[in-house]
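Structure, as structure tokens:
The values are calculated or read from the model by the stated rules, or taken from the named source; none is laboratory data. Bear in mind that the values here come from a model prediction, so they are computed numbers and not experimental data. Cβ coordinates were reconstructed from backbone atoms using ideal geometry, including for glycine residues, and neighbour counts include every protein chain displayed.
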Amino acid sequence: MSAAVPARLPLRVASVPSTGAYLDAVLPPDVVRVGSGTSPSPWWDPGHLALAADDVDVLHVHSGYESMSSDQLDAWTAAVRRSGLPLVVTVHQLRPAEGASLVRHRTQLRALLATAEVVLTLTPGAADEIADRYGRTAIVVAHPSLAAPTPGIGRETRLVGLYLGRLGPEVAEPELLVRGALSGALSGGGRLRVDVHPDVDVDTAVPGLAGYAAAGQLELRRSRPRDATACVRTLQELHVSVLPDRACTHSSWVELCRDAGTRVVVPRGGHLHQQWSDVVAYGNDIRTGLDATSLSSAVVAALTLPAPGRADQAWRAGQRAAVRRVHAEVYAQVAGDRVSV
């Protein structure tokens, strides 16, 4: 990509959302990030966008549009076009969260991608879907490392982890998830650790889970949300981690497992296998639901395989630098185009 020279350096970029481990990882070092960590982002307000458009050079949307109606998003994209502010969109997810409307999600993406000057995504498969469905060519950038492993922490062989967190909409059929993962862990000669947020009423949300724990059939851990470094540190203790989110196109969890050297069992579908080839897939999607037998078999298969080595940190640093260069080139190009108009 040939970069036009913008009128102002350093470039000012408003990311939506403005903070997060992924955003920190991809932000070029010579770019000024504009905005606060408030949610929802003020950049979703057409009035704010009109008033502040001259204060930034590029607007980069990653997420946050999911709750907007079609009329709201149409008004917002019209405001973007009026402002002349170049829009970059990274498509992380091609499918809505569990229970959300697929038609609405696709309508939202169609409006965003029709307005974006540049579209990015994380895997070739996702880029193919974007081209087929939305008629846009997406630049593929790898998902960078979010945190390095902590020295001195070893894994427990045959320990399987299932992180349920707050049991949000992304965690569908939690009872069946627990039973499938438990069956696989025991059949594979291992044990299961289930992690649930302390504020969750486990007896209501996952009946039977507390009973399994009391009977010594699994370990129930109650932990609060963690940053990427803490997540990798916990994953380093595991032989296998089960990802429950069946709607995900891409996942930061896969990258955390990759850095920790933990094999990850992922729902079939999406493009997780293109993020990292060293995954084991199981049947779990929005249309057909969870196949607990498939999950059990996938966990056994993952336990049978040796744990993968941790990602080489020098290689990961080079990958992150390359991703940042792509973002810098995109920002320079679209900002330069704005100046030349």
Item to check | Residue ID - farthest from GLY289 (Cα to Cα), chosen from residues in segment 165-182 that are aliphatic (A, V, I, L, M) and either out of contact with any Ser or Thr (no Cβ under 8 Å at 6 or more places or on another chain) or in a loop (DSSP other than H, G, I, E, B) (or both) | outcome: LEU182
Checklist entry - Which residues, counting only those in segment 86-122, are in contact (Cβ under 8 Å) with a residue 12 or more places away in the chain and either part of a strand (DSSP E or B) or β-branched (Val, Ile, Thr) (or both)? => result LEU87, VAL88, VAL89, THR90, VAL91, THR107, THR115, VAL118, VAL119, LEU120, THR121
Next on the checklist: Tell me which helices (runs of 4 or more DSSP H) are completely within segment 183-263 and hold 2 or more residues being more than 30 Å from ALA317 (Cβ to Cβ) and not assigned by TED's automatic domain parsing to the domain that holds ARG106, or say none if there are none.
Outcome noted: 202-205, 209-214
Checklist entry - Is it fair to say GLU66 is free of Cβ contacts under 8 Å to residues at least 60 places away in the same chain, surrounded by fewer than 20 Cβ atoms within 10 Å (Cβ to Cβ) and among the charged types (D, E, K, R)? => result yes
Checklist entry - Counting just the residues of segment 143-160 that are in contact with a helix residue (DSSP H, G or I) (Cβ under 7 Å, 6 or more places away or on another chain) and more than 30 Å from ALA321 (Cβ to Cβ), which one comes out surrounded by the fewest Cβ atoms within 10 Å (Cβ to Cβ)? => result ARG158
Checklist outcome for this item: Within segment 302-316, restricting to residues that are touching a residue at least 60 places away in the same chain (Cβ under 8 Å) and of a type in the set (A, V, I, L, M, F, W, C), the one that is surrounded by the most Cβ atoms within 10 Å (Cβ to Cβ) is ALA302
Item to check | Count of segment 254-286 residues which are crowded, with 21+ Cβ neighbours inside 10 Å and not β-branched (Val, Ile, Thr) | outcome: 13
Checklist entry - Does LEU51 qualify as being assigned by TED's automatic domain parsing to the domain that holds GLU129 and surrounded by 13 or more Cβ atoms within 10 Å (Cβ to Cβ)? => result no
